[in-house]
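This report refers to the structure that appears directly beneath it.
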Amino acid sequence: MQQQFIDLMTKMNQVSIDATKGLIDINTRNFEKFSQQQAELVTEGLEVGAKQMKTVSEIKTVQDIPAFFSAQTDDIKSYGEKIQASVQDSMNKLSESSDELNACMKKGMDAAATVSVVTPAPAKAKKAA
């Protein structure tokens, strides 16, 4: 009976470990994807800022101001479009992750269903003497 209990606990622990590994893999991939995406947006934002500073430094006369505002508008519009694309990409990645998490949970539930609990046979009653 003790060996059956040890085997049951070993199998239950393995199912839990496998499920945890699956979740860790999904979360690690998400972290890497979103970190890269954020780094790209920050880099793009810095580039837009630097470009704006360069454009400001080129203003020499009042006549240059409309060109500055036009360039600024174009830069901000372009950056906004990149942010919007990034948000859409994030939503797609989250949807994929949701599907992966659901598959991971189903796999864990299926594995857990294979673990059967063995109930001990009732103890035999001693006969009175």
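The values are calculated or read from the model by the stated rules, or taken from the named source; none is laboratory data. Since we're looking at a predicted model, the values are computed, not measured. Neighbour counts run over all protein chains shown; Cβ positions are idealised from the backbone, glycine included. In case anyone asks, the SASA skips ligands and DNA or RNA and just uses the protein heavy atoms, side chains included. Shrake-Rupley method; radii C 1.70, N 1.55, O 1.52, S 1.80 Å.
Below is a table of values for the structure above.
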quantity	calculated
Sole residue being in a helix (DSSP H, G or I), basic (Lys, Arg), surrounded by 14 or more Cβ atoms within 10 Å (Cβ to Cβ) and within 19 Å of the chain's Cα centre (by Cα), chosen from 51, 11, 33	33
Exclusive hit being among the hydrophobic types (A, V, I, L, M, F, W, C), in a helix (DSSP H, G or I) and free of Cβ contacts under 8 Å to residues at least 40 places away in the same chain, set 17, 26	17
Condition met for residue 99 (open to solvent by 80 Å² or more (accessible area, probe 1.4 Å) and within 15 Å of the chain's Cα centre (by Cα))	yes
Test: residue 75 is in contact (Cβ under 8 Å) with a residue 12 or more places away in the chain and assigned to a helix (DSSP H, G or I)	yes
Condition check for residue 64: free of Cβ contacts under 8 Å to residues at least 40 places away in the same chain and among the charged types (D, E, K, R)	yes
Sole residue being open to solvent by less than 100 Å² (accessible area, probe 1.4 Å), out of contact with any strand residue (DSSP E or B) (no Cβ under 7 Å at 6 or more places or on another chain), among the aliphatic types (A, V, I, L, M) and not in a helix (DSSP H, G or I), chosen from 83, 59	59
Filtered residues of the stretch 36-46 (kept if in contact with a helix residue (DSSP H, G or I) (Cβ under 9 Å, 6 or more places away or on another chain) and either charged (D, E, K, R) or loosely packed, with under 12 Cβ neighbours inside 10 Å (or both))	40, 44
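Yes/no matrix, rows are residues, columns are (1) closer than 30 Å to residue 99 by Cβ; (2) of a type in the set (D, E, K, R):
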site: 7; (1), (2): no, yes
site: 10; (1), (2): no, no
site: 13; (1), (2): yes, no
site: 31; (1), (2): yes, no
site: 36; (1), (2): yes, no
site: 39; (1), (2): yes, no
site: 50; (1), (2): no, no
site: 71; (1), (2): no, no
